[in-house]
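The values are calculated or read from the model by the stated rules, or taken from the named source; none is laboratory data. Predicted model, so just to flag it, every value in this text is computed and none were measured. Cβ coordinates were reconstructed from backbone atoms using ideal geometry, including for glycine residues, and neighbour counts include every protein chain displayed. Surface areas here come from the heavy atoms of the whole protein model, side chains and all, with no ligands, DNA or RNA. Shrake-Rupley method; radii C 1.70, N 1.55, O 1.52, S 1.80 Å.
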Amino acid sequence: MIQIQLTERQEKIIDIVKYNEPITSEKIAKKLKLARGTLRPDLAILTMSGILDARPKVGYFYTGKTTFSFISEKIESIKVSERKSIPIVVDEEVTVYDGIVTMFLEDVSSIFVTSNGYLTGVVSRKDFLKNVIGGLNLHKTPIAVIMTRMPNIIVTTLDESVLDAAIKIIDHEIDSLPIVEEVEDDEGKKAYKVVGRITKTSITRLFVELGKNE
Ligand code: ADP
């Protein structure tokens, strides 16, 4: 990953190019009262990092990219497929009791529910708690009764950016998204196969990696 920590002189060069583009390295050096050779490493860094664009025989241009746009470009370039984890999936017929056991055994905060292998719902910890407190018969009730169901499930796909997935998680105040592939069910209707999941934890891990510049 590119880490851009600009020096005062590099900031000055950017300002000069911004207001005088296209400008040659000689002219930049003159404005800074420095030898052209002194600026060479700075200009190399600024062009390599994409902040300046160098055109032979014309000079330097400012690309308009800031340090922040590099960070957002980096985040936008990371796809859900690179951050996916294994989804825990149960069938609609499974009892609420078995769903709770699965959640504990698999150590997840939400479970995806399918029917004939197609996504039909999501169950979270709070869904279980609400119903346990409500005195539901855990051994007799199928998980389908308590789940949040399609078409209200917020999904993502392998090629979506992690940023867009994170925005969905924040906007809908949920902990995870099923990663799906759109298919046709047996009746030719649009349906989803669950191929993974992305969670607040996976996104936090990415944030930590970017912060540590790993
Ligand atoms: P918790 O209930 O443990 O806080 P969530 O915040 O993920 O976990 O869930 C809040 C509610 O949103 C629950 O009712 C759950 O069924 C529902 N939910 C969870 N994930 C999704 C999703 N991807 N799409 C739609 N609803 C969801």
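Considering only strands (runs of 3 or more DSSP E) fully contained in the range 37-105, which possess at least 2 residues that are without any contact (Cβ under 8 Å) to a residue 40 or more places away in the chain?
On the way: elements: 52-55, 59-62, 89-91.
So the answer is 52-55.
Can you tell me which residue among Leu129, Leu136 is aliphatic (A, V, I, L, M), within 13 Å of the ligand (Cβ to nearest atom) and not assigned by TED's automatic domain parsing to the domain that holds Ser72?
Answer to the selection: Leu129.
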| field | Extreme residue, nearest to Arg125 (Cα to Cα), among residues of the range 156-184 that are more than 11 Å from the chain's Cα centre (by Cα) and open to solvent by less than 40 Å² (accessible area, probe 1.4 Å) | value | Ser176
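Is it fair to say Leu119 is open to solvent by less than 40 Å² (accessible area, probe 1.4 Å) and more than 16 Å from the ligand (Cβ to nearest atom)?
So Leu119 fails the test.
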| field | Meets criteria (open to solvent by 100 Å² or more (accessible area, probe 1.4 Å), under 35 Å from the mean Cα position of the chain (by Cα) and within 30 Å of Ser77 (Cβ to Cβ)) for Gln5 | value | yes
| query | What is the number of the single condition among (1) open to solvent by 90 Å² or more (accessible area, probe 1.4 Å); (2) of a type in the set (Ser, Thr, Tyr); (3) closer than 30 Å to Gly196 by Cβ; (4) outside the structural domain of Val180 (by TED's automatic domain parsing) that Tyr19 does not meet? | reply | (3)
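Scan the range 130-146 and give yes if some residue there is without any contact (Cβ under 8 Å) to a residue 60 or more places away in the chain, within 22 Å of the chain's Cα centre (by Cα) and part of a strand (DSSP E or B), otherwise no. Give the derivation first.
Taking the range 130-146 first, the residues without any contact (Cβ under 8 Å) to a residue 60 or more places away in the chain are 130-146.
Then drop every residue that is not within 22 Å of the chain's Cα centre (by Cα), which leaves none.
No; the residues of the range 130-146 include none that is without any contact (Cβ under 8 Å) to a residue 60 or more places away in the chain, within 22 Å of the chain's Cα centre (by Cα) and part of a strand (DSSP E or B).
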| remark: Inside the range 185-201, the number of residues satisfying the requirement of being surrounded by fewer than 19 Cβ atoms within 10 Å (Cβ to Cβ) and assigned to a strand (DSSP E or B) is 3
